[in-house]
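Below is one structure; the comments refer to it alone.
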Amino acid sequence: MKETLPRSNKPLQFYHRDQVIRSIHGTGYTRLHDSDVVAMLQEFAVDFQPPQVGMNGATGLYAGEQDLFCFLIDPQGWTEIEGEAFAPGFFIWNSEVGKRSIGIETFWFQAVCQNHIVWDATEVVEFTRKHTSSVHSALTEMKRIIEALVAKRDERRAGFIEVIGRAMRTKLGDDADEVLKTLTKNGIGRSVAKQAMAIAEQQGRFTIFALVDALTRMSGEIVNAGDRTDADERAGALLALAQ
């Protein structure tokens, strides 16, 4: 410890399991245990369940030495748009060791794709909080968000159907150069954009929906769930172009 930690007179807190130190923080860090998050879900998200098992065996429920990540959907909220099925759901995450904040994000999930494609469409709600002295109050806000997701399910469905339908009809550009320019302008890396365009071109179209679909299929190859989520969010943000 003397060799690796910065020299300081400030006190530190150690979080350990048996003889292994899991993390080191200053005294201002307030820990929220994963078990508290799971207990809240068991009490207030009883109508939600994991999506169908992904093509790589992904369950939507992940817990490791650094963080917790849950993907749950509302099976009562299924709706069909031009032969494709969607349902509302949410991500929730936490870290006991300071890897990330605690947070929740709601969205719509496409049933037919086994790589757990998520579309960030209308009325997306995201809430995060750092692990400070008030972190435990985050659970109360998350309860409210989950309850609101169910209460607004039918209202959100109508807006979602309109946006997705428009995305299925709207081209992102008239030619490859214009599409590539639009994708890069909206935060998609040039090499990733070209790969997505090649996939969409196989379907014979450069619609917003086809390109978001291609991008999220590519993200399914990313190993870590948190990184996949970030990639899906960047792709799903393109749906704003159809609003």
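The values are calculated or read from the model by the stated rules, or taken from the named source; none is laboratory data. Everything numeric in this text was worked out from a predicted model, so none of it was measured. Virtual Cβ from ideal backbone geometry, glycine too; neighbours counted across all protein chains shown. Ligands, DNA and RNA are stripped out before the accessible areas are found, and what is left, the full protein with its side chains, is counted by its heavy atoms. Shrake-Rupley method; radii C 1.70, N 1.55, O 1.52, S 1.80 Å.
For VAL53, indicate whether it is of a type in the set (Val, Ile, Thr) and farther than 28 Å from ALA210 by Cβ.
Numbers: of a type in the set (Val, Ile, Thr): yes; farther than 28 Å from ALA210 by Cβ: no.
Judged against the criteria, VAL53 is not a match.
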Taking segment 188-220 as the region of interest, how many residues are in a loop (DSSP other than H, G, I, E, B) and open to solvent by 50 Å² or more (accessible area, probe 1.4 Å)?
3
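Can you pull out the residues in segment 171-187 that are touching a strand residue (DSSP E or B) at 6+ places or on another chain (Cβ under 6 Å) and surrounded by fewer than 13 Cβ atoms within 10 Å (Cβ to Cβ)?
If the condition is that a residue be touching a strand residue (DSSP E or B) at 6+ places or on another chain (Cβ under 6 Å) and surrounded by fewer than 13 Cβ atoms within 10 Å (Cβ to Cβ), then no residue fits.
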Leading residue by the ranking (nearest to ILE73 (Cα to Cα)) among those in segment 25-59 that are surrounded by 12 or more Cβ atoms within 10 Å (Cβ to Cβ), touching a Gly at 6+ places or on another chain (Cβ under 9 Å) and hydrophobic (A, V, I, L, M, F, W, C)
PHE48
Flag if SER35 is without any contact (Cβ under 8 Å) to a residue 12 or more places away in the chain, within 16 Å of VAL97 (Cβ to Cβ) and within 29 Å of the chain's Cα centre (by Cα):
yes
Taking ALA151, is it buried (at least 22 other Cβ atoms within 10 Å of the Cβ), within 30 Å of LEU61 (Cβ to Cβ) and at pLDDT 75 or above?
no
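Quick check, is GLY83 more than 20 Å from the chain's Cα centre (by Cα) and either among the charged types (D, E, K, R) or under 22 Å from ALA158 (Cβ atoms) (or both)?
Details: more than 20 Å from the chain's Cα centre (by Cα): yes; either among the charged types (D, E, K, R) or under 22 Å from ALA158 (Cβ atoms) (or both): yes.
When the stated conditions are applied, GLY83 passes them.
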Output the residues belonging to segment 1-24 that are free of Cβ contacts under 8 Å to residues at least 40 places away in the same chain and surrounded by 10 or more Cβ atoms within 10 Å (Cβ to Cβ).
LEU12, GLN13, PHE14, HIS16, ILE21, ILE24
